[in-house]
Amino acid sequence: MANIQEKLDKGYIQSRIILEMIGKPKEHVDDTLKKYVEHIKKSSDIELLNQNFVEAKESEDNKGFWTAFVELELLTKNITALTGFCFDYMPSSIEIIAPAELRIKGAQLSNIINDLQGKLHKLDMMVKQLDNENHFLKRNTFFLATNIVSILLKAEVKNLKDLSRLSGMSEEDMNGFLEKLIKQKFVKKEGDSYAWIKDVKREE
């Protein structure tokens, strides 16, 4: 404890942190979490005091996925090192054990805020990229499904049950998709039968 107090006197921060991980299979989750901790041990700005692993358990909310966590007690060199740790490992919980009060220099706070801004900008770019990719996938899926329905209807497949069976889509999904095509005037419905009206022009 004397060694810890000496480091606290030099500006170190003692904290208790919980890292969680979810995934599958169970062995992969446990092994990956242990590798995370081994990587933390190599940091020059962090001293690992204690570690307590809890074996992965199947998630109640996401069946088939496993959740594991580890409780760590750390000494970090300063507030910058602690916030950097949080940015890199995204702990689910953090408790400052000591010191009871922290003094932070303006330059340190500026660095922390700038790092936070950088992370937020990077996250914003990733979200926008994923949104664009999602839009692209939805657009291509629409054209693919439309082409399948077009081929089937032109081949005289008329009813919902056959369209569902031959396309691989559930009757519920196929019914919803046909309703969209009817609204867009690509398909018309007469009784229980469907007929193709016009081709879809794809805009590049």
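All of the numbers you see were taken from the coordinates with simple rules; none came from a lab. Please read all numbers here as calculations on a predicted model, not as lab measurements. Counting neighbours? That spans all protein chains shown, and the Cβs are built from the backbone with ideal geometry, glycine included.
For LEU49, the residues 5 or more places off, or on other chains, whose built amide H falls under 5 Å of its own are GLU73, LEU74, LEU75.
Extension gain, MET126 to ASP31, is 31.5 nm, computed as 0.36 nm per intervening residue step minus the present C-alpha separation. Normalised by the residues of the chain, what does the relative contact order come to in percent, with Cα pairs under 8 Å and at least six apart? With pairs under 8 Å counted, the relative contact order is 19 percent.
Take the Kirkwood radius over Cα pairs of the chain, plug it into Stokes-Einstein at 10 °C and 1.306 mPa s, and you get 71 µm²/s for translational diffusion. Rounded to the nearest Hz, the phi-derived 3J(HN,Hα) couplings of segment 132-146 under the Karplus curve 6.51 cos²θ - 1.76 cosθ + 1.60 (θ = phi - 60°) are 5, 5, 5, 4, 4, 5, 4, 5, 5, 5, 4, 5, 5, 5, 5, where x marks glycine and proline. A simple rule links phi to the HN-Hα coupling: the Karplus curve 6.51 cos²θ - 1.76 cosθ + 1.60 with θ = phi - 60°, which for segment 114-126 gives 5, 4, 4, 4, x, 5, 5, 5, 5, 5, 4, 5, 5 Hz, with x for Gly and Pro. Distance between the modelled labels on PHE53 and LEU166, one decimal in nanometres: 5.5 nm (7 Å Cα→Cβ projection).
Dividing the summed helix terms, -39500 (n - 2.57) for each DSSP H run of n ≥ 4, by the number of residues in the chain produces a 222 nm estimate of -17500 deg cm²/dmol to the nearest 500.
Of the residues ASN175, LEU33, PHE69, the one whose Cα sits farthest towards the positive end of the charge dipole of the chain is ASN175 (charges of +1 on Lys and Arg Cβ, -1 on Asp and Glu Cβ, taken about the Cα centre). Peptides 99-112, 162-175, 180-193 ranked from most to least packed give 162-175, 180-193, 99-112, packing being the mean of other C-beta atoms within 10 angstrom over each peptide's residues. Cβ-Cβ distance of ASP192 and ILE113, R₀ of 45 Å, FRET efficiency by 1/(1 + (r/R0)^6): the value works out to about 0.10.
In sequence order, segment 28-42 has phi-based couplings of 5, 5, 4, 5, 5, 5, 5, 5, 4, 5, 4, 5, 4, 4, 7 Hz under the Karplus curve 6.51 cos²θ - 1.76 cosθ + 1.60, θ = phi - 60°, and Gly or Pro positions carry x.
Work out how much length ALA98 to GLU38 would gain on full extension: take 0.36 nm times their residue separation and subtract the Cα-Cα distance, in nm to one decimal.
That pair, ALA98 and GLU38, stretches by 19.2 nm at full extension.
Of the GluC sites (Glu not before Pro) found in segment 37-71, the ones in coil according to DSSP and having at most 13 other Cβ atoms within 10 Å of their Cβ are GLU60. Only Lys, Arg, Asp and Glu carry charge here, each on its Cβ (+1 for the first two, -1 for the last two); on that basis the chain has a dipole of about 920 debye about its Cα centre.
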